[in-house]
1. Can you compute the helix-only [θ] at 222 nm over the chain? Use -39500 (n - 2.57) per DSSP H run of at least 4 residues, normalise by all residues, nearest 500 deg cm²/dmol.
2. Could you give me D for the chain, from Stokes-Einstein at 20 °C and 1.002 mPa s, where the hydrodynamic radius is the Kirkwood radius over C-alpha pairs? Units µm² s⁻¹, please.
3. What does the charge count around LYS11 come to, taking other residues whose C-beta lies under 15 Å from its C-beta (Lys +1, Arg +1, Asp -1, Glu -1)?
4. At 20 Å minimum axial length over the Cα atoms and a Kyte-Doolittle cut of 0.0, report the qualifying DSSP H helices in the chain, or say none.
5. What distance in nm separates the simple spin-label points at ASP68 and GLN45, each placed 7 Å from Cα in the Cβ direction?
6. Taking a probe of 1.4 angstrom, what is the accessible area of PHE60 in Å², to the nearest 10?
7. Roll a 1.4 Å probe over the protein chains and send me the accessible area per residue for the chain in Å².
Amino acid sequence: KFKKQLTTLMKTLNHTEPHYIRCIKPNPNKAPSEFYGEMVLLQLQYSGVFEAVQIRKRGFPFRHTHGDFYRRYRCSLGREYNWPS
């Protein structure tokens, strides 16, 4: 049952183009019109946003489609690995 569920999940993932949204809370009260700059700065630092920006500024892409990722890194899997279709 687990193997079947995993295969179904992999098929679903291979047909998607994921996008990630980072939610930043502007204040501990979750109230409108309140902004705590230090709190926002810490969230951005801890979530890796600034690091991702630096990587992008240096010209390194970090978003690949599933197909591009597979074509680029399949050599690390070895010849005996059977990628699910």
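The values are calculated or read from the model by the stated rules, or taken from the named source; none is laboratory data. Note that the structure is predicted; figures quoted are calculated from it, not measured. FYI the Cβ positions are ideal-geometry reconstructions off the backbone, even for glycines, and counts take in every protein chain you see. The protein model used for the area step is the full one, side chains on, heavy atoms only, and it has no ligands, DNA or RNA in it. Shrake-Rupley method; radii C 1.70, N 1.55, O 1.52, S 1.80 Å.
1. Working: 4 runs with 40 residues, N = 85.
The helix contribution divided over the chain gives -14000 deg cm²/dmol.
2. Values: Rh = 16.8 Å.
Once the numbers are plugged in, D ends up at 128 µm²/s.
3. Values: positive: LYS3, LYS4; negative: GLU17.
My count for the surroundings of LYS11 gives +1.
4. none
5. 3.2
6. 130
7. Working: 8150 Å² over 85 residues.
Using a 1.4 Å probe on heavy atoms only, each residue of the chain averages 96 Å².
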